[in-house]
Protein chains: 2
Amino acid sequence: MIIEKNGFIHHVFFWLKNPESTEDANELIEGLKKLSAAPTIKDFHIGIPAATSRDVIDSSYSASWLLLFHNKEDQDIYQTDPIHLKFIKDCAHLWNKVVVYDTIDVK
Amino acid sequence: MIIEKNGFIHHVFFWLKNPESTEDANELIEGLKKLSAAPTIKDFHIGIPAATSRDVIDSSYSASWLLLFHNKEDQDIYQTDPIHLKFIKDCAHLWNKVVVYDTIDVK
């Protein structure tokens, strides 16, 4: 299992203001790469939509950011980590919508 | 990195018809546990919303299903695997909304 007991999954989807701009997409992705240095992150993945298409699939986002943490406390630390705050400061102008799913184990 | 090169992430969020029903939630989770036997799945996680709350966080779903595949081909096989088709047949009556995010590596 990729997620240990008491692990915490944080999955973020970004919709860019200019979804056709390769430059903006690259800027976001470079920002995420820098953000991956935040010390409490256990594991991460930077993604883009796969080429799948069914009614239930949302492939309208520009980039995704999947993080695994050892526990909720590490995620809480990440939220206010200076590296995270700098990412938001530097990159927030690029997107017009963000959706976050925070997930823990079933009880 | 949890995701190998050419890996494929499949993240599904379920909204139950009766979100207050512990019985329905348990039935879905038991169904997902059985579904985890589908042979092309590399790794999986069955989750529920964490106790986080910010504007960008969607915690309205009832259960989540995170799958890792070695590649898109394995995901395609999973879609028509008899174990998957049985899960849909047995459990589709439980939910009224499903959102799927399929994600691959940035190029």
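If you go through the range A:48-71 and pick out every residue that is at the interface with chain B (Cβ under 7 Å from one of its Cβ atoms), out of contact with any Ser or Thr (no Cβ under 8 Å at 6 or more places or on another chain) and buried (at least 16 other Cβ atoms within 10 Å of the Cβ), you end up with 2. The set of residues in the range B:1-42 that are touching a Lys or Arg at 6+ places or on another chain (Cβ under 7 Å) and open to solvent by less than 20 Å² (accessible area, probe 1.4 Å) contains only B:PHE8. Restricting attention to the range A:80-107, and to residues there that are closer than 13 Å to B:PRO49 by Cβ and charged (D, E, K, R), which single residue is surrounded by the fewest Cβ atoms within 10 Å (Cβ to Cβ)? Selected residue: A:LYS107. Could we say that A:HIS45 is open to solvent by less than 70 Å² (accessible area, probe 1.4 Å), over 23 Å from B:SER62 (Cβ atoms) and facing chain B (nearest Cβ under 8 Å) here? Judged against the criteria, A:HIS45 is a match.
The values are calculated or read from the model by the stated rules, or taken from the named source; none is laboratory data. Here the structure is a predicted model, which means the values were calculated and not measured. Note that we place each Cβ from the backbone using ideal geometry, even for glycine, and neighbour counts take in every protein chain shown. Note: areas computed on protein heavy atoms with side chains; ligands, DNA, RNA excluded. Shrake-Rupley method; radii C 1.70, N 1.55, O 1.52, S 1.80 Å.
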